Amino acid sequence: MRLKNPVTTPSRASDKVPLSVFCALVFVLLAAWLNLCGWILSGLHALNALGYTVCLLLFSLSAGFILRLGRFGGTTPLAFRQKLSRWRRRVLRPLPALWLLAFLLAFAGGLFFEPRNYDFLTYRLSRILHWWAEGRWHWITTNNDRMNISGPGFEWVLTPFVILTHSTRPAALINLLSFGLMPGLLFRFLTALRVRPSVAYQWMWLFPGGYCFVTQAGSAGNDAYAVTYLLAGIIFALEADRTQNVVWLYASILSAALLTGVKASDIPLVAPILTSWWPARKLLFRRIMPLAVVVTIAVLSSFAPIAIANQRFAGQWAGDTGGASGLQIFNPIAGVTGNLLQLAVNTGLSPFVPFASMWNNVAAPRILQLPFGTWLHHNFPRLDFTVREVASEENVGIGLGVAALWAVLLARRMISPSAGGALARFRARPVPGLPFSLAIAGLLSLGVFLAKMGSEAGPRILAPYYTVLLLIVLLVAGRKHPRLRGAWLGFCVLIQSLPVLLLLVEPNRNLLPVPQIAHSVLHYPNALLTRIDAVYSTYRSRADALAPLRDLIPPGVTTVGFIADPDEPEASLWRPFGSSRKVMDVTDLEKSESLPDYCVVLESWVQESRRMPLGEWAQRMRLHEVGRRIISMRAHDQPQIWAVLTKTPPLLRGSADSP
């Protein structure tokens with residue numbers, strides 16, 4: 001029986017592909033190559049500037065040949081200039097102009113500020129520095145398990161640029177490239193699944209305005225970054241069917257692998273990509289040897305190598321033995337309920353919450369004290385309903401703006417249920433039910449995430465999953481989706497203006513001097529001004545927070561011990577990057593011989609782990625205090641006391657330090 005609205009693929013009249021898809025292909029090939037090189041160089045103990053220089057040269061020399069062999073169409077210089085001219089005219093329209101403004105602000109933030117993303121500083125950058133110091137990947141001796149058990153995909157792409165530039169700013173460039181590809185990939189993704197071009201045009205600009213996307217565009221976060229691999233994996237599979245070119249299917253396989261390599265939480269999203277392979281399934285096994293090579297590279301680019309290492313060293317493939325971290329949820333009902341409630345609070349109370357302190361101190365605790373809240377918190381230990389005054393890249397999800405647009409579309413559909421088909425009509429051969437199959441696969445992926453992931457940062461980690469929700473909302477909205485004019489246009493412009501404002505004041509990279517503006521508006525001291533000063537001053541120094549302690553360590557010291565709880569960043573102590581100094585994470589606090597000559601110590605960690613004051617522990621270890629500093633790492637915590645201790649007695653130390 002023939003379906004009324006068969007799903008179709010575009011015409012095969014041309015092998016040409018959009019520039020955004022072509023750029024995404026280069027992006028995926030480079031990422032896969034750098035993942036492969038990371039493991040190969042580690043095996044050769046050559047994870048250094050020379051090794052990566054050779055790798056990048058080989059990619060530059062071979063990429064053109066591979067792309068030409070794959071017959072991807074590409075773009076001629078004349079065609080590129082014509083497209084650029086058309087793009088200049090189109091960018092003057094409201095939605096593209098607001099997206100471009102957000103892109104430029106994100107670029108400025110990444111240019112002017114070093115990455116301050118806390119997870120990046122705590123374990124992603126630190127693991128890169130440990131690998132670099134050893135010349136290879138290795139299982140690091142540390143209290144911070146995330147240095148070892150987390151997916152390395154983002155780090156393998158970033159590592160060569162950190163090594164070659166001795167800077168962390170390339171992390172922002174990687175995310176900017178990903179954000180820049182989003183509009184074109186979204187349009188291709190939606191239209192290939194037969195969403196009307198006029199609707200796809202709206203959402204190619206609106207969806208990147210999600211707060212998790214704009215705040216991570218110029219940062220070192222790796223949640224929104226995964227969206228590129230998800231979209232590319234599906235688009236490449238559809239291109240393989242359209243052009244009957246199996247190389248596109250190989251690229252889709254690499255995209256799926258890279259998606260899992262970013263975060264283990266993204267593994268369920270392989271399901272929609274696998275679903276998109278169905279129309280081109282007959283191409284897959286035509287040539288076994290190339291397929292075997294691609295699968296090998298894909299395995300090395302995926303989470304698989306880390307899963308094997310986790311199983312060997314930690315006893316569990318995800319590295320969370322016995323659920324010790326609290327990230328695994330063993331009660332699916334509690335997982336789904338807790339994640340949905342966190343998402344509702346995070347989405348509804350963003351991006352600006354002036355009453356955040358009252359909510360965090362009164363409302364959020366009372367919810368958890370209810371019988372239902374007690375049960376939920378018992379089964380979801382890391383459940384967190386707190387919010388921040390200004391949404392930041394470390395906690396925010398899709399945000400109120402995009403969610404409000406979705407709510408309007410769904411409300412229109414409910415008011416007028418007989419709205420006609422959700423899909424556009426094309427005159428081409430059918431691929432029945434593919435959009436709905438992808439939506440179902442995406443929902444199953446989302447269900448697995450909600451049932452199993454127990455993180456307080458769930459709304460942020462969900463970043464790539466919001467793409468699935470976008471497709472579902474548009475399929476449900478159908479032909480009741482409004483045209484881009486009148487009140488709907490005004491509403492969309494208002495919604496898209498909020499991310500622009502957020503980029504100007506977001507504490508990680510505030511382009512406006514928020515504390516100075518606040519003091520000029522509020523002329524008398526109050527709790528709000530105190531909070532603003534505390535937040536922005538903490539973020540201002542976070543990228544090199546331990547610099548005051550580093551200044552207490554003599555320049556000639558080559559090994560520095562780091563003694564702190566698992567959630568403290570050590571990256572400051574490695575500066576300047578690429579120097580001969582190494583940082584050693586100290587896990588045994590009972591044996592003095594396990595300590596290097598100089599150690600940086602967090603007082604509260606010694607008190608918690610050894611049940612004694614810092615001075616008493618230092619005396620037992622025969623350590624002498626060089627100095628101490630009060631340092632604030634997180635705006636919602638109290639400043640903490642850090643100290644530099646040494647085995648060298650003061651008299652000898654003074655003579656050693658003298659010229």
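The values are calculated or read from the model by the stated rules, or taken from the named source; none is laboratory data. This structure is a prediction, so every number in the text was calculated from the model and none was measured. Using ideal geometry, Cβ is built from the backbone for each residue, glycine included, and neighbour counts are taken over all protein chains shown. SASA here: full protein model, heavy atoms, side chains in, ligands and nucleic acids out. Shrake-Rupley method; radii C 1.70, N 1.55, O 1.52, S 1.80 Å.
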Subset of the range 24-52, residues open to solvent by 40 Å² or more (accessible area, probe 1.4 Å), part of a loop (DSSP other than H, G, I, E, B) and at negative phi, comes to 44, 48
Report, ordered by the first and then the second residue, all pairs with beta carbons closer than 9 Å, sequence separation of six or more or different chains, a first member in the range 637-659 that is farther than 30 Å from residue 360 by Cα, and a second member that is modelled with pLDDT under 55 and in a helix (DSSP H, G or I). 648/656
So, in the range 454-500, how many residues would count as being acidic (Asp, Glu) and in a helix (DSSP H, G or I)? 0
Select from the range 328-352 the residues that are surrounded by fewer than 19 Cβ atoms within 10 Å (Cβ to Cβ) and in contact with a strand residue (DSSP E or B) (Cβ under 9 Å, 6 or more places away or on another chain) and write down the one among them that is farthest from residue 502 (Cα to Cα). 328
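In the range 492-500, is there at least one residue being surrounded by fewer than 12 Cβ atoms within 10 Å (Cβ to Cβ) and over 19 Å from residue 355 (Cα atoms)? Lay out the reasoning, then the answer.
Here is the first cut: in the range 492-500, the ones surrounded by fewer than 12 Cβ atoms within 10 Å (Cβ to Cβ) are 494.
Filter again for over 19 Å from residue 355 (Cα atoms), leaving 494.
Yes, there is a match, as at least one residue in the range 492-500 is surrounded by fewer than 12 Cβ atoms within 10 Å (Cβ to Cβ) and over 19 Å from residue 355 (Cα atoms).
Where in the range 203-280 are there helices (runs of 4 or more DSSP H), lying wholly inside it, with at least 2 residues that are out of contact with any His (no Cβ under 8 Å at 6 or more places or on another chain) and of a type in the set (Gly, Ala, Ser)? Spell out how you get there, then give the answer.
On the way: elements: 211-216, 226-243, 246-262, 270-276.
The helices (runs of 4 or more DSSP H) meeting that bar are 226-243, 246-262, 270-276.
With respect to residue 456, determine if the residue is under 21 Å from the mean Cα position of the chain (by Cα) and open to solvent by 50 Å² or more (accessible area, probe 1.4 Å).
yes
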Residues to consider are 645, 573; find the one that is open to solvent by less than 40 Å² (accessible area, probe 1.4 Å) and more than 30 Å from residue 532 (Cα to Cα). 645
Only one residue in 516, 496 is touching a residue at least 60 places away in the same chain (Cβ under 8 Å) and out of contact with any Ser or Thr (no Cβ under 9 Å at 6 or more places or on another chain). Which one? 496
Of residues in the range 193-203 being open to solvent by less than 20 Å² (accessible area, probe 1.4 Å) and not polar (S, T, N, Q), the one modelled with the lowest pLDDT: 194
Output the residues belonging to the range 112-126 that are open to solvent by 20 Å² or more (accessible area, probe 1.4 Å), within 16 Å of residue 635 (Cα to Cα) and hydrophobic (A, V, I, L, M, F, W, C). none
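If I filter the range 317-327 down to residues being assigned to a loop (DSSP other than H, G, I, E, B) and out of contact with any strand residue (DSSP E or B) (no Cβ under 9 Å at 6 or more places or on another chain), which single residue comes out as surrounded by the fewest Cβ atoms within 10 Å (Cβ to Cβ)? Steps first, answer last, please.
Residues of the range 317-327 that are assigned to a loop (DSSP other than H, G, I, E, B), as a first pass: 317-320, 324-327.
Retained after the next criterion (residues that are out of contact with any strand residue (DSSP E or B) (no Cβ under 9 Å at 6 or more places or on another chain)): 317, 319, 324-326.
Working: 317: 17, 319: 22, 324: 12, 325: 18, 326: 14.
For the range 317-327, the residue satisfying everything is 324.
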If you take the residues in the range 621-635 that are in contact with a Lys or Arg (Cβ under 9 Å, 6 or more places away or on another chain) and either part of a helix (DSSP H, G or I) or without any contact (Cβ under 8 Å) to a residue 60 or more places away in the chain (or both), which one is surrounded by the most Cβ atoms within 10 Å (Cβ to Cβ)? 623
For the range 542-551, what are the residues that are within 23 Å of residue 112 (Cβ to Cβ) and touching a residue at least 60 places away in the same chain (Cβ under 8 Å)? 542, 543, 544, 545, 546, 548
Quickly run through the range 501-527 and pick out the residues that are part of a helix (DSSP H, G or I), out of contact with any Leu (no Cβ under 7 Å at 6 or more places or on another chain) and open to solvent by 50 Å² or more (accessible area, probe 1.4 Å). 501, 516, 517, 520, 521, 527
Every residue in the range 353-396 that is more than 20 Å from residue 535 (Cβ to Cβ), open to solvent by less than 30 Å² (accessible area, probe 1.4 Å) and not small (Gly, Ala, Ser), please. 376, 380, 383
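Could you say whether any residue in the range 421-442 is within 29 Å of residue 377 (Cα to Cα) and either modelled with pLDDT of 95 or more or within 18 Å of the chain's Cα centre (by Cα) (or both)? Break it down stepwise before answering.
Of all residues in the range 421-442, those within 29 Å of residue 377 (Cα to Cα) come to 442.
Remaining after also requiring either modelled with pLDDT of 95 or more or within 18 Å of the chain's Cα centre (by Cα) (or both): 442.
Scanning the range 421-442, I find at least one residue that is within 29 Å of residue 377 (Cα to Cα) and either modelled with pLDDT of 95 or more or within 18 Å of the chain's Cα centre (by Cα) (or both), so the answer is yes.
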Answer yes or no: is there a residue in the range 499-507 that is at pLDDT 90 or above, among the hydrophobic types (A, V, I, L, M, F, W, C), within 30 Å of residue 196 (Cβ to Cβ) and touching a strand residue (DSSP E or B) at 6+ places or on another chain (Cβ under 8 Å). yes
Just the residues that are among the aromatic types (Phe, Trp, Tyr) and part of a helix (DSSP H, G or I), please, taken from the range 128-162. 131, 132, 154, 156, 161
Restricting to the range 585-616, count the residues that are open to solvent by 10 Å² or more (accessible area, probe 1.4 Å), in contact with a Leu (Cβ under 9 Å, 6 or more places away or on another chain) and in a strand (DSSP E or B). 1
